[in-house]
Amino acid sequence: MRRAAKVDSNQTDIVGKLRKIPGISVYVTSAIGNGFPDIVVGFRGRSHLIEIKDGAKTASRRKLTPDEIKFKDKWTGCYFVGNSFDEIIDYLFNHQPQGAK
């Protein structure tokens, strides 16, 4: 039986801020588990899978779990790990499809 997914404390704030930006759509997927990223963000005709980590935590507490690493390594689409709203916005507005990881 799968345990409930842990959600970083900044996820609600980040999702709320993203949803206020015209042209961005957000779907929360943190409950899926098995390493699947926390949110899917639609922007400029692309879907971006984003794993949210809490930038206020130490680097060792922001590490990807083994399932997250496995998912990231196999995923060939747009994927990003963001520690804050600002990092995610920077990624979305400056993202180049060739450098998806």
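Throughout, read-outs are computed from the coordinates displayed, never taken from laboratory work. These numbers come from a predicted model, not from an experiment. For neighbour counting, all protein chains shown are included, and Cβ atoms are generated from backbone atoms with ideal geometry for every residue, glycine included.
Please give, to one decimal in nm, the separation of the simple spin-label points placed at His95 and Asp54, each 7 Å out from Cα toward the Cβ.
2.5 nm
Which whole-number percent gives the relative contact order of the chain, counting Cα pairs below 8 Å spaced six or more residues apart? Mind dumping the intermediate values first?
Numbers: 133 pairs, mean separation 23.0, N = 101.
Taking the mean separation of contacting Cα pairs over the length of the chain, I get 23 percent.
I need Thr76, Thr65 ordered by Cβ neighbour count within 10 Å, fewest first. Mind dumping the intermediate values first?
Numbers: Thr76 7, Thr65 11.
Exposure proxy ranking, most exposed first: Thr76, Thr65.
Report the calculated FRET efficiency for Arg62 and Ser25 (r = Cβ-Cβ distance, R0 = 22 Å), to the nearest 0.05.
Numbers: r = 26 Å, r/R0 = 1.17.
In this case the efficiency is close to 0.30.
Using helices alone, I'd like the mean residue ellipticity at 222 nm for the chain: each DSSP H run of four-plus residues gives -39500 (n - 2.57), total over residue count, nearest 500. Numbers along the way, then the final one.
Values: 3 runs with 28 residues, N = 101.
Helices in the chain give a 222 nm mean residue ellipticity of -8000 deg cm²/dmol.
Taking Rh as the Kirkwood radius, which is the inverse of the mean 1/r over Cα pairs, what is the Rg/Rh value for the chain? Before the final figure, lay out the partial values.
On the way: Rg = 12.9 Å, Rh = 13.9 Å.
In the chain, Rg relative to Rh is 0.93.
May I ask for the net charge around Phe43, where only other residues with Cβ less than 13 Å from the Cβ of Phe43 are counted and Lys, Arg are +1 while Asp, Glu are -1? The partial results should precede the final answer.
Numbers: positive: Arg19, Arg44, Arg46; negative: Asp90.
Once positives and negatives cancel, what remains is +2.
If you place +1 on the Cβ of every Lys and Arg and -1 on the Cβ of every Asp and Glu, how big does the dipole about the Cα centre of the chain come out, in debye to the nearest 20? Show your work: numbers first, answer last.
Working: 17 positive and 11 negative charges, 44 e Å.
In debye, rounded to 20, the chain gives about 220.
Considering only DSSP beta bridges with both partners in the chain, what is the antiparallel share in %, to the nearest 5? Let's see the in-between values first.
On the way: 10 of 14 bridges.
DSSP beta bridges in the chain are roughly 70 percent antiparallel.
Can you tell me the orientation of helix 85-94 relative to the chain, as the angle in degrees between its alpha-carbon axis and the longest Cα principal axis, to the nearest 10?
Roughly 50 degrees, rounded to the nearest 10.
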